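Here's the structure we're looking at; comments come further down.
The values are calculated or read from the model by the stated rules, or taken from the named source; none is laboratory data. Just so you know, these numbers come straight off a predicted model, no measurement behind them. Methodologically, a virtual Cβ is constructed for each residue, glycine included, from the backbone with ideal geometry; neighbour enumeration extends over all protein chains shown.
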Amino acid sequence: MNTTHPSAVPQSAPALPVPPVAGPAPQPQALPAGPPPVLQARRLRHTYGRSASATPALNGIDLDIQVAESLAVMGPSGCGKTTLLHVLAGIIAPTDGTVHHGGQPLQDLSDAARTRLRRSAFGFVFQDGQLLPELTALENVILPRMLAGSSRRTATADARGWLDRLGLAGLHDRRPGQLSGGQAQRVAIARALAGRPTVVFADEPTGALDQATGHAVLEVLTEASREAGASLVMVTHDPAVAAVCERTIAMRDGRIEQQFRRRTAAEGQVR
Ligand code: ADP
Ligand code: MG
């Protein structure tokens, strides 16, 4: 008579090669906390020219820029800040290392595709605005949108909306020479944001303004970027300006020497 319980495994049964596991398979690594970085730079090096004695402008930079993050880039003149921005934005190809945007390596793109990416995904604000003097404020904002393929109608509606949001209602038809420095920088910010960029690059955007005007422009730039969901990478010499950003990197001799992260109120509560 067989007394074995029906559920008992007979001694003679071969062992299963892999025991079945209830529930989800264990993860080998912790999942990343958020979406992947919008920009990822690895082992960036850049030397201008080919002279053997040339000192590198970038000397081994690793940097992740998160979606909608604001990052201040500080450091003495000549330490590589502008070069870093230009390499991250695909304006110059690094001598060595890689930059990925949205997971895509910039170095694998053709020149034409890189230009399209710059026009569609990146916005730029330079120290002196670099507005075209013969165009009105409105036309300065519209032009890059149309170069990127927007219809005049859409580009005009977007441009008017941004100029108004940045406090320039009533000034759309002025030429740059008829605007104050702070107003001209607001036009440059509207131009940078009108294309709904993933990243705004700003190279000493308040460097040519007096301190009060500069801080007002900066507030507009950080808030508008945040509202637009764009990451902001901003070179500045002013610690008060950097303090507005969530993270600051301090560069020296083509390297990141130090990083600081500003604790947000939300992080203070969660962690
Ligand atoms: P920063 O913006 O921090 O002042 P840059 O990135 O402009 O620094 O410059 C970094 C280094 O590269 C400096 O030594 C500078 O002289 C050099 N450099 C910058 N641009 C060029 C260029 N177009 N040709 C040759 N050297 C350059
Ligand atoms: Mg510079």
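What the table shows:
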| quantity | calculated |
| --- | --- |
| Condition broken by residue 201, with the remaining ones in (1) in a helix (DSSP H, G or I); (2) modelled with pLDDT of 95 or more satisfied | (1) |
| Residue identified as modelled with pLDDT of 95 or more, among the acidic types (Asp, Glu) and surrounded by fewer than 20 Cβ atoms within 10 Å (Cβ to Cβ) among 111, 96 | 96 |
| Residue, nearest to residue 37 (Cα to Cα), within segment 208-243, restricted to residues that are in contact with a helix residue (DSSP H, G or I) (Cβ under 8 Å, 6 or more places away or on another chain) and within 16 Å of ligand 2 (Cβ to nearest atom) | 233 |
| Of residues in segment 38-54 being touching a residue at least 40 places away in the same chain (Cβ under 8 Å) and in a loop (DSSP other than H, G, I, E, B), the one farthest from ligand 1 (Cβ to nearest atom) | 38 |
| 2 or more residues out of contact with any strand residue (DSSP E or B) (no Cβ under 9 Å at 6 or more places or on another chain), of a type outside the set (Lys, Arg) and farther than 30 Å from residue 61 by Cβ: qualifying helices (runs of 4 or more DSSP H) within segment 100-185 | 137-147, 152-165 |
| Restricting segment 55-86 to residues that are within 26 Å of residue 111 (Cβ to Cβ), among the hydrophobic types (A, V, I, L, M, F, W, C) and more than 10 Å from ligand 1 (Cβ to nearest atom), the residue that is surrounded by the most Cβ atoms within 10 Å (Cβ to Cβ) | 61 |
| Segment 81-97 residues that are of a type in the set (S, T, N, Q), paired with ones that are within 13 Å of ligand 2 (Cβ to nearest atom) (beta carbon under 6 Å, 6 or more apart) | 82/203; 83/57; 83/58 |
| Answer residue from segment 238-271, given it is assigned to a loop (DSSP other than H, G, I, E, B) and within 20 Å of residue 87 (Cβ to Cβ) and is modelled with the lowest pLDDT among those | 245 |
| Test: residue 193 is part of a helix (DSSP H, G or I) and among the hydrophobic types (A, V, I, L, M, F, W, C) | yes |
| Only one of 155, 190, 89 that is away from ligand 1 (no atom under 16 Å from the Cβ), of a type in the set (A, V, I, L, M, F, W, C) and touching a Phe, Trp or Tyr at 6+ places or on another chain (Cβ under 8 Å) | 190 |
| Residue list for segment 194-216, filter: touching a Gly at 6+ places or on another chain (Cβ under 6 Å), among the hydrophobic types (A, V, I, L, M, F, W, C) and crowded, with 24+ Cβ neighbours inside 10 Å | 200 |
